[in-house]
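As structure tokens, the structure follows; a few thoughts come after it.
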Amino acid sequence: MQLHPQMKAILDQAAAAGAKPFHSMTPVEARQAINGLLEAFKGTPESVAKSERREIPGPAGRIPVQIYTPEGKGPFPVLVYYHGGGWTIGETASWDPFSRSLCNASGCVVIAVEYRLAPEHKFPAPVEDCYAAADWASKNAASIGGDPQRVAVGGDSAGGNLAAAVSLMARDRGGPRLAFQLLIYPATDAALDTPSQQQFKDDGYILSRHDMVWFWGHYLRNDADKSNPYACPAQASDLRGLPPALVVTAGFDPLRDEGETYAARLQDAGVKCECVRYEGVTHGFVLFGTVLDEGRKAIADMGAALKKALAR
């Protein structure tokens, strides 16, 4: 297995710019670092028909969201999207180029959610914000040009974890009827005991096992949370009755194996699920679509999967 030359160029450029591993920083420093990294590779963001900032009700006050509307005539399917960043870093503004590309590729109204971050707001605060956003979307889709019968959730990394958890919560609580879940290299288990976690325990590939120890340490309140399926979806004993899924993984990613194992468990539970691994790329690769062919390909593939799953 070899790194894609464009992926290696991204890693080399980040290293030359003095990028430090997340686990060596404070959360505030890491937030600045991820924003700087994504800014350096954002290129020219795609235009969409409309992008607007709104606030929606949440469990502890208003939740800011950025709503992207594609060109064309609605009602459109809706994708409630949760950004990555280990529940600790990241914001919708840094994910803006990706959100725009996914809006155009999928033909969905994309609702990017500014959920509360750890360690200031530990589990379950972030996932409860994300659930509230999905619930709001299903009840208010028509007001933003969306179709309430075609609401999906999605996210990358910690956002993939949150999308998987929201899908479980919606099933268990009799909440919004979700039509699909898009899980991009999701974190599913705090055990960190898979072969890929060992293979990529050290720094140099955007995300390491050391980083994941740091992120989980900020997110969870205690060891008991590690067995809570809303924190660690892999801990769910029963995955039946969940929405159809696409799970995307990356070859050079500590989270690769847990994402693929979760996809296999979804399939075993009778959930329609496709799992696609993109070789030669690291964690975070979909965010580098302006300079990485595999990132562009993945966005196109995800857009096509959403279109197919959410077709009227």
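The values are calculated or read from the model by the stated rules, or taken from the named source; none is laboratory data. What you see is a predicted model; the values in this text were computed from it and never measured. Cβ coordinates were reconstructed from backbone atoms using ideal geometry, including for glycine residues, and neighbour counts include every protein chain displayed. Surface accessibility is based on the protein's heavy atoms, side chains included, excluding ligands, DNA and RNA. Shrake-Rupley method; radii C 1.70, N 1.55, O 1.52, S 1.80 Å.
May I ask for the percentage of alpha-carbon pairs in segment 183-312 that lie more than 20 Å from each other? Tail of the P(r) past 20 Å holds 48 percent of the pairs. Determine the shape class of segment 109-262: with a ≥ b ≥ c the square roots of the Cα gyration tensor eigenvalues, call it rounded for a/c under 1.5, and otherwise prolate if a/b is greater than b/c, oblate otherwise. Prolate shape, in that a/c is at least 1.5 and a/b is the bigger ratio. Computed in the context of the full set of protein chains, the accessible area of segment 186-245 at 1.4 Å probe radius has 47% of its extent on carbon or sulfur. Measuring nothing but how far apart in sequence close Cα pairs (under 8 Å, 6+ apart) lie, relative to its length, the chain scores a relative contact order of 20 percent. Exposure check, 1.4 Å probe, all protein chains in place: LEU220 carries approximately 10 Å² of accessible surface.
Averaged over its residues, the chain has an accessible area of 39 Å² per residue, based on protein heavy atoms and a 1.4 Å probe. Each residue, ASP12 and VAL291, gets one label point 7 Å from its Cα in the Cβ direction; the gap between the two is 1.2 nm.
Here's how it looks for ILE56: its modeled amide H is under 5 Å from those of ILE63, VAL65, which are all 5 or more places away or on a different chain. Kirkwood-type hydrodynamic radius, segment 1-142: 16.6 Å, calculated from all non-identical alpha-carbon pairs. For GLN198 and ARG54, the difference between the fully extended length at 0.36 nm per residue and the C-alpha to C-alpha distance is 47.7 nm. Roughly what % antiparallel, to the nearest 5, for the DSSP beta bridges in segment 1-130? If we restrict to bridges inside segment 1-130, about 70 percent are antiparallel. Placing unit charges on the Cβ atoms only, positive for Lys and Arg and negative for Asp and Glu, gives segment 176-312 a dipole magnitude near 720 debye about its Cα centre.
Binning the C-alpha pair distances of segment 103-171 at 10 Å intervals from 0 yields a P(r) profile of 20, 52, 25, 4 %, listed from the shortest bin outward. For the chain, the orientation-averaged shadow of the C-alpha convex hull comes to 14.1 nm² (one quarter of the hull surface). Along the axis of the charge dipole computed for the chain (Cβ charges of +1 for Lys and Arg, -1 for Asp and Glu, origin at the Cα centre), the listed residues ALA16, GLY174, ALA163 are led at the positive end by GLY174. Comparing GLN198, GLN181, GLN66 in a Gaussian network model of the chain, where Cα atoms under 10 Å apart are tied by springs, the biggest mean-square fluctuation is seen for GLN198. Along its three principal directions, the equivalent ellipsoid of segment 164-216 from the Cα gyration tensor extends over semi-axes of 30, 11, 9 Å, largest first. Distance cut-off 18 Å, Cα to Cα: go down the list LYS201/LYS297; LYS272/LYS307; LYS50/LYS73 and report the pairs above it. Beyond 18 Å between Cα atoms: LYS201/LYS297. Only Lys, Arg, Asp and Glu carry charge here, each on its Cβ (+1 for the first two, -1 for the last two); on that basis the chain has a dipole of about 900 debye about its Cα centre.
Going by a ≥ b ≥ c, the root eigenvalues of the Cα gyration tensor, does segment 1-52 fall in the rounded group (a/c under 1.5), the prolate group (a/b larger than b/c) or the oblate group? Taking the square roots of the gyration eigenvalues as a ≥ b ≥ c, segment 1-52 is oblate. Of the beta bridges in the chain, as assigned by DSSP with both residues counted there, near 30 percent are antiparallel. Remark: spin-label model distance ARG177-SER143 equals 2.2 nm, labels positioned 7 Å along the Cα→Cβ axis. Run the numbers on segment 55-113 and let me know its relative contact order in percent, using alpha-carbon pairs under 8 Å that are six or more apart. Relative contact order comes out at 49 percent.
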